[in-house]
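Undergrad: Input: one structure, supplied below.
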Amino acid sequence: MNDTGTLRITPLAERPALAPRLWEITENWPAFVPQDPVAGALLHRVAEDFPRYCVVATDGDRVVARGFAVPFDASREGREETPDQGWDRVLVWAYTDLRDGSPATAVSALEITIDTGYLGRGLSHRMVAALRDTARDLDHDALLAPVRPTAKHLRPRLPMTDYVGLLREDGLPEDPWLRVHVRAGGVVVKVAPASMTVSGTLAQWRRWTGLPFDRDGAVEVPGALVPVHCDTAHDHAVYVEPNVWVRHGTERA
C-alpha cells in the first residue's frame, strides 16, 4: 500500500468495490485507440479477472488513477516475454492462459491512466512503482511493460527505433513517459513494432478523427504515434502502433 496525505494507492484486490468506478476517470486517450478489437473485447474485464495485478489510486472518495497488468505464461511454445505484437499479444495470452489454467510465469502492465486533473503531480511514477511492487509481491522477478511514449505523436514519421534513441544531456530518454519508466529503474528492451492495430472504414476514421481520409497513403492523425495507412479504393484505413518494451526488475533496492 502507498499512502500520502489523502492519496492512497493499493492493489485493486484490497478494495474490490472500486472496480466499477475505475472508468470514472477523466481521460485524454485519442478516440481511435479504444477501437482496437483486442482492447474492446478484453480490457474491460481485466479488473474483474486479475484484481491482484491491478492497482487503484484514490484521493479521498475520488478515483484518480488506475493501473492494469496481467499475468501470462511466457514458457509456452512459440511465446516470449516481450513479443513483437506487444500489448495486443500479451492481453490475448493472459486470457488464453486463464482459460487453460496455465501458470503465470510473467506479468505485463497494460496501462496506467491518470485523471487529467492529477497530471503533473508525480502520480505516474508512483503508479509504475505500485504495479512493480504488486508484481514482486506475487513472486514475479520483473514487471514488463509495452510502453506507449507520450510525445511520439509529435514525430509520427520518425521510426520508433530512432525515437527511443533520443536522449537528453543527462542520458535519460527525451520522451516523458519513457523517462518515468527509466527513472523508476526500468530498462528498455526493444521496440514492439505491431503492439496495437486499429482498422476501420474511411467513414469510421472520419468520425474518430474529423479528418477527410480522401487520399491514399500515410495520414498523420493527432495523437497517433505513426501515420495511418489510407486505402480509398478499398474503403479502409489501418493504424499499426509500435510500443517500447521496458523491463522493471522487482528486487528491492
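The values are calculated or read from the model by the stated rules, or taken from the named source; none is laboratory data. Model, not experiment: these values are computed from the prediction. Backbone-built Cβ (ideal geometry, glycine too); neighbour counts: all protein chains shown.
Undergrad: If only one of T6, T10, T58 is over 14 Å from the mean Cα position of the chain (by Cα), at pLDDT below 95 and farther than 23 Å from R148 by Cα, which one is it? If you could, list the steps in order and put the result at the bottom.
TA: Values: T10 fails: at pLDDT below 95; T58 fails: at pLDDT below 95.
Exactly one of T6, T10, T58 is over 14 Å from the mean Cα position of the chain (by Cα), at pLDDT below 95 and farther than 23 Å from R148 by Cα, namely T6.
Undergrad: If you don't mind, there's one more thing I want to ask. Which one is nearest to I25 (Cα to Cα) among residues in region 105-121 that are surrounded by fewer than 19 Cβ atoms within 10 Å (Cβ to Cβ) and among the small types (G, A, S)?
TA: Selected residue: G117.
Undergrad: Would you be able to tell me the number of residues in region 194-253 that are in contact with an Asp or Glu (Cβ under 9 Å, 6 or more places away or on another chain), of a type in the set (D, E) and at pLDDT 95 or above?
TA: Residues in region 194-253 being in contact with an Asp or Glu (Cβ under 9 Å, 6 or more places away or on another chain), of a type in the set (D, E) and at pLDDT 95 or above: 3 in total.
Undergrad: Follow-up. Give the residue, chosen from S75, S102, that is touching a Lys or Arg at 6+ places or on another chain (Cβ under 7 Å), outside any strand (DSSP E or B) and either buried (at least 22 other Cβ atoms within 10 Å of the Cβ) or not β-branched (V, I, T) (or both). Write out each step before concluding.
TA: Working: S75 fails: touching a Lys or Arg at 6+ places or on another chain (Cβ under 7 Å).
Just a single option satisfies the conditions, and that option is S102.
Undergrad: Of everything in region 67-106 that's of a type in the set (A, V, I, L, M) and over 13 Å from the mean Cα position of the chain (by Cα), which residue is farthest from Y239 (Cα to Cα)? I'd like the intermediate steps shown before the answer.
TA: Of all residues in region 67-106, those of a type in the set (A, V, I, L, M) come to 69-70, 74, 90-92, 94, 98, 104, 106.
Checking which are over 13 Å from the mean Cα position of the chain (by Cα) leaves us with 74, 92, 94, 98, 104, 106.
Working: A74: 27, V92: 19, A94: 23, L98: 29, A104: 31, A106: 28 Å.
Once the filter is applied, the top-ranked residue is A104.
Undergrad: Now, a different point. Of everything in region 223-242 that's of a type in the set (D, E, K, R) and touching a residue at least 24 places away in the same chain (Cβ under 8 Å), which residue is nearest to P193 (Cα to Cα)?
TA: Start the filter on region 223-242 by keeping residues that are of a type in the set (D, E, K, R), which leaves 231, 235, 241.
Keeping just the survivors that are touching a residue at least 24 places away in the same chain (Cβ under 8 Å) gives 235, 241.
Numbers: D235: 24, E241: 7 Å.
The residue in question is E241.
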